[in-house]
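Structure, as structure tokens:
The values are calculated or read from the model by the stated rules, or taken from the named source; none is laboratory data. All values derive from a computational prediction rather than experimental measurement. Every residue, glycine as well, gets a Cβ built from its backbone with ideal geometry; the counts of neighbours run over all protein chains shown. Only protein heavy atoms, including side chains, enter the accessible area calculation; ligands, DNA and RNA are left aside. Shrake-Rupley method; radii C 1.70, N 1.55, O 1.52, S 1.80 Å.
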Amino acid sequence: MRSNKLKVLLAGAVVAAASAVALIALPASAETAAFTVTNSWSTGYEASVVVKNDTSSTISTWRVELTLPAGTSVVNAWNATQASAGSTYTFTPAGWNATLGAGASTEFGLIVNGTGRPTTCLVNGKACGGGGTPTSPVPSPTRTITPTPTPTTTPTSAPAGRTPVAINGQLHVCGVNLCNQYNRAIQLRGMSTHGLQWFANCYNAASMDALANDWQADLLRIAMYVQEGGYETNPAGFTSRVNTLVDLAEARGMYALIDFHTLTPGDPNYNLDRAKTFFAAVSARNAAKKNVIYEIANEPNGVSWAGIKSYAEQVIPVIRANDPDAVVIVGTRGWSSLGVSDGSSSAEVIANPVRATNIMYTFHFYAASHKDNYRAELERAAASLPMFATEFGTVSATGGGAVDTASSAAWLDLLDRLKISYANWTFSDAGEGSAALKPGTCASGTYAGTGVLTESGALLRSRIRTPDSFPTS
Ligand code: IDC
């Protein structure tokens, strides 16, 4: 039915366009594109472009071309397909927003690295203002801060029913807990990817099906390394990979934890500008989704709590400008050990918390390396700080070695008792003890069941598969 209707509309548009050309002299173009800067920071900005069909008939597609000055480039776009040639960036429909009825409009967004505004804007080959010369400069932006988030339409939508996201909806922090739409404390249990730059072949529809259905996981942590061949080498490519994984998780009703995986160097401020660019892009693109949680710095190390707090207080507003209700998780000192691995403790965080609401703090552990004193510190901290174990291993902190079964059980029991959400390192087939899948699994393409699991994978699958107890009222 839907496609028949569309065909009729398109046929009508062709007839109308043909008769218009034959009978009356319309202006050369009556589509317009309004370019507006919606958020900006020292090294870049976010913009919105509203494409409007000001003709009296339906148009079946559109094309916007922006030319940027030297030193300025587009990092990422959403709700449009982006291509570039030299300094000119071309945006065409994302797929679902090609057809515009008479008077209708669609909006797409982009993140720009550099501060230069477009020198030329064309829509369907003509000036964006409508009817003018093809080289008119873009008018100055009319606003500089985001008034409302860009609503994001994506082709995937969460299935109805009893998935974790369907039951719990948009999460928020209440007291020291992560809470669901009924304002009740919940615990999410899931897995972390390995570095996307190394294990791209492990994350696809089949592996996500196994995680959601066979493992019954609530959560996918998307570990996007910034260095070591990660984000810094290809910001647009990694941003897009993260977004694809958010969609794969959403389509299966799982939460997606977007991890800006800083590790070396350990001071997150080294990546402050990259973090702002990245989080502006992913928060704008995913603002309307209920399944996204943001983890802004994996493991700060060699940096004071004051330094981490300052970073957090600069990155959180970038996210909140687009996605005001999302939970944000802040890394802690000493590889997210709450300072313990640096000889400090959670006291420094409790005395000087990040000035933001709806946030949690990160705690990481590796069961064979971190034992009773770390468990005691987590329990102490969790009495006054909302904590999230965004990464842990059953093995040593190198990511390798043998599974420490007793310590892993003690940790998981503690997390369950305190309702602390967790993601295990890693849902990958890396040749190291922390990997859940046997080497070669990802190349084989079959992920479900126990035959593909390592000792660590079998342990985690058996814990994660036990029924969730999400309150529904
Ligand atoms: C490790 C990986 C290993 C990789 C290394 C590179 O397991 O394959 O070579 O990173 O940096 C962390 C980090 C996480 C580490 C993990 C194990 O967040 O990136 O992964 N770990 O060492 N903190 C404590 C341990």
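Assorted remarks:
- Count - residues of the range 194-211 that are open to solvent by 10 Å² or more (accessible area, probe 1.4 Å) and either within 10 Å of the ligand (Cβ to nearest atom) or not polar (S, T, N, Q) (or both): 8
- Considering the conditions (1) assigned to a loop (DSSP other than H, G, I, E, B); (2) hydrophobic (A, V, I, L, M, F, W, C); (3) without any contact (Cβ under 8 Å) to a residue 40 or more places away in the chain, ALA409 is excluded by exactly one of them, (1).
- Only one of ALA206, ALA217, ALA212, ALA223 that is in contact (Cβ under 8 Å) with a residue 60 or more places away in the chain and within 18 Å of LYS289 (Cβ to Cβ): ALA217
- As for the range 19-31, it holds at least one residue that is at pLDDT 85 or above, not aromatic (Phe, Trp, Tyr) and not in a helix (DSSP H, G or I).
- From the options ASP323, ASP404, residue that is within 15 Å of the ligand (Cβ to nearest atom) and either farther than 25 Å from PRO265 by Cα or open to solvent by 30 Å² or more (accessible area, probe 1.4 Å) (or both): ASP404
- Boolean, THR398 is among the polar types (S, T, N, Q), within 16 Å of the ligand (Cβ to nearest atom) and surrounded by fewer than 17 Cβ atoms within 10 Å (Cβ to Cβ): yes
- For the range 266-274, the criterion of being within 16 Å of the ligand (Cβ to nearest atom), under 27 Å from ALA94 (Cβ atoms) and open to solvent by less than 40 Å² (accessible area, probe 1.4 Å) is met by no residue.
- Boolean, LEU414 is over 19 Å from SER462 (Cβ atoms), open to solvent by less than 60 Å² (accessible area, probe 1.4 Å) and assigned to a helix (DSSP H, G or I): no
- The range 355-374, residues that are within 22 Å of the chain's Cα centre (by Cα) and farther than 22 Å from ALA223 by Cβ: ALA356, THR357, ASN358
- Among the residues of the range 340-358, the ones that are surrounded by fewer than 22 Cβ atoms within 10 Å (Cβ to Cβ) and part of a loop (DSSP other than H, G, I, E, B) come to 10 in all.
- Per-region count, the range 417-445, residues within 10 Å of the ligand (Cβ to nearest atom), open to solvent by 10 Å² or more (accessible area, probe 1.4 Å) and of a type outside the set (A, V, I, L, M, F, W, C): 3
- Selection of the range 383-395 for residues being within 9 Å of the ligand (Cβ to nearest atom) and either open to solvent by 40 Å² or more (accessible area, probe 1.4 Å) or over 20 Å from the mean Cα position of the chain (by Cα) (or both) yields PHE392, GLY393, VAL395.
- Scan of the range 266-293 for residues that are farther than 19 Å from PHE388 by Cβ and of a type in the set (A, V, I, L, M, F, W, C), ordered by number: LEU272, PHE278, ALA280, ALA281, ALA284, ALA287, ALA288
- Among the conditions (1) part of a helix (DSSP H, G or I); (2) in contact with a strand residue (DSSP E or B) (Cβ under 8 Å, 6 or more places away or on another chain), PRO317 misses just one, which is (2).
- Screening GLY237 on (1) buried (at least 24 other Cβ atoms within 10 Å of the Cβ); (2) closer than 15 Å to ALA281 by Cβ shows it passes everything except condition (1).
- Filtering the range 289-305 to residues that are within 16 Å of the ligand (Cβ to nearest atom) and more than 10 Å from the chain's Cα centre (by Cα) leaves ILE296, ALA297, ASN298, GLU299, PRO300, ASN301, GLY302, VAL303.
- Selected residue [over 16 Å from the mean Cα position of the chain (by Cα) and within 15 Å of the ligand (Cβ to nearest atom)] from GLY190, GLY229: GLY229
- Only residues that are of a type in the set (Ser, Thr, Tyr) and touching a Gly at 6+ places or on another chain (Cβ under 6 Å) were counted across the range 253-309, and they come to 1.
- GLY253 being away from the ligand (no atom under 16 Å from the Cβ) and in a loop (DSSP other than H, G, I, E, B): yes
- Qualifying residue in the range 359-379 (condition: at negative phi, touching a residue at least 40 places away in the same chain (Cβ under 8 Å), surrounded by fewer than 17 Cβ atoms within 10 Å (Cβ to Cβ) and away from the ligand (no atom under 16 Å from the Cβ)): no
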